[in-house]
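Enquirer: Just dropping this structure here.
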Amino acid sequence: MQKQFKEKLRDLFGKKTVLTFKDVKKQLRCSRPVFDYAIRQLGYRSSCNQNGRYYILKESCELDNDGIYRYRDIIFSAQGTLKNTVFHMVENSISGVASSDVEKAWGASGKVVLSKLHTSKMITRQIFNGRFVYLSTNEEVNHLQRKHRASEKVNEKQTIEEEVKEVDLPPLLTIISILTVLAQQNNLSAKQVHNRLMKKGVNIPREEIKKVMSFYNIPEKKT
């Protein structure tokens, strides 16, 4: 019976190329365990965006030189999950990765994925032109990434200032002051950031600090 179902599943993928479990269940009336077993036997990839709910057979998934296959707005990666794909992107980037790079590449929230990778200490970060750039934790790779980023002649300042105005954030220099404190230590509350800045003679209201932390998707420590 499993062999028959596996062949039916292969035929269905031959007609549709990309399917969700819901699609398969509707067509073949199967349970989740039966589907999971059969698709593992066939060999598959799940989408690294769209919450991983789309499936494609490996035999139909023609990866490009970057290990990516796109089907309409659905993306499949040789790295599997979005988290692993973004980590691979950071490790192999010549000048580090900003959240906007992830969003352009995958159409997913770069801030969330990069923040999680940084929190788990899989990558590190540094401020360039008022925004976080995420870098490898490998010392040699990190050095080359920072060197290349610093030498880039692309001036992002105007774009960032426009973005700041659009979302009603504090001035760029204020943002840089806040991010500098947060880059030195993870898991701080707005109050702790405020107190550290006050010691340096910089008085930034907690509400402004919270706005910046929220915008950059930096979790605030509960106090």
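The values are calculated or read from the model by the stated rules, or taken from the named source; none is laboratory data. From a predicted model like this one, the values you see are computed outputs, not experimental measurements. FYI the Cβ positions are ideal-geometry reconstructions off the backbone, even for glycines, and counts take in every protein chain you see.
Enquirer: Residues in segment 114-140 that are assigned to a helix (DSSP H, G or I), modelled with pLDDT of 85 or more, surrounded by fewer than 18 Cβ atoms within 10 Å (Cβ to Cβ) and of a type outside the set (S, T, N, Q): how many?
Expert: First pass over segment 114-140, keeping only residues assigned to a helix (DSSP H, G or I): 114-119, 139-140.
Imposing the further condition that a residue be modelled with pLDDT of 85 or more reduces the set to 114-119, 139.
Narrowing further to those that are surrounded by fewer than 18 Cβ atoms within 10 Å (Cβ to Cβ): 116, 119, 139.
From what's left, of a type outside the set (S, T, N, Q): 116, 139.
So the answer is 2.
Enquirer: Give the residue, chosen from Ser99, Ser120, Ser136, that is over 16 Å from Leu179 (Cα atoms) and in contact (Cβ under 8 Å) with a residue 12 or more places away in the chain.
Expert: Ser136
Enquirer: Let me ask something else about it. Taking segment 12-70 as the search range and keeping residues that are outside any helix (DSSP H, G or I) and aromatic (Phe, Trp, Tyr), which one is farthest from the chain's Cα centre (by Cα)? Break it down into steps so the answer makes sense when it comes.
Expert: So in segment 12-70, the residues outside any helix (DSSP H, G or I) come out as 17-20, 29-31, 43-49, 53-57, 61-70.
Retained after the next criterion (residues that are aromatic (Phe, Trp, Tyr)): 44, 54-55, 69.
Values: Tyr44: 22, Tyr54: 18, Tyr55: 20, Tyr69: 17 Å.
Among those residues, the one meeting the criterion is Tyr44.
Enquirer: Can you tell me which of (1) among the β-branched types (Val, Ile, Thr); (2) in contact with a Cys (Cβ under 6 Å, 6 or more places away or on another chain); (3) surrounded by fewer than 16 Cβ atoms within 10 Å (Cβ to Cβ) is the one Thr85 doesn't meet?
Expert: It fails just one condition, (3).
Enquirer: Just a yes or no: is a residue in segment 103-113 more than 24 Å from Leu82 (Cα to Cα), surrounded by fewer than 18 Cβ atoms within 10 Å (Cβ to Cβ) and modelled with pLDDT under 90?
Expert: Step one: filter segment 103-113 for residues more than 24 Å from Leu82 (Cα to Cα), giving none.
Within segment 103-113 (the criterion being more than 24 Å from Leu82 (Cα to Cα), surrounded by fewer than 18 Cβ atoms within 10 Å (Cβ to Cβ) and modelled with pLDDT under 90), the answer is no, since none of the residues qualifies.
Enquirer: Then there is this: Residue by residue through segment 30-53, note down the ones that are touching a residue at least 12 places away in the same chain (Cβ under 8 Å) and more than 20 Å from His88 (Cβ to Cβ). Walk me through how you get there before you give the answer.
Expert: We begin by selecting, within segment 30-53, every residue touching a residue at least 12 places away in the same chain (Cβ under 8 Å); these are 30, 34-35, 37-39, 41-50, 52-53.
Once the filter is applied, which keeps residues that are touching a residue at least 12 places away in the same chain (Cβ under 8 Å) and more than 20 Å from His88 (Cβ to Cβ), segment 30-53 yields Cys30, Val34, Phe35, Tyr37, Ala38, Ile39, Gln41, Leu42, Gly43, Arg53.
Enquirer: Take the residues in segment 183-203 that are assigned to a loop (DSSP other than H, G, I, E, B) and aliphatic (A, V, I, L, M), then tell me which one is surrounded by the fewest Cβ atoms within 10 Å (Cβ to Cβ). Let's see the steps before the verdict.
Expert: Looking only at segment 183-203, we keep the residues that are assigned to a loop (DSSP other than H, G, I, E, B), and these are 185-189, 200-203.
With the extra rule that they be aliphatic (A, V, I, L, M), the set shrinks to 188, 202.
Details: Leu188: 21, Val202: 14.
Here the answer is Val202.
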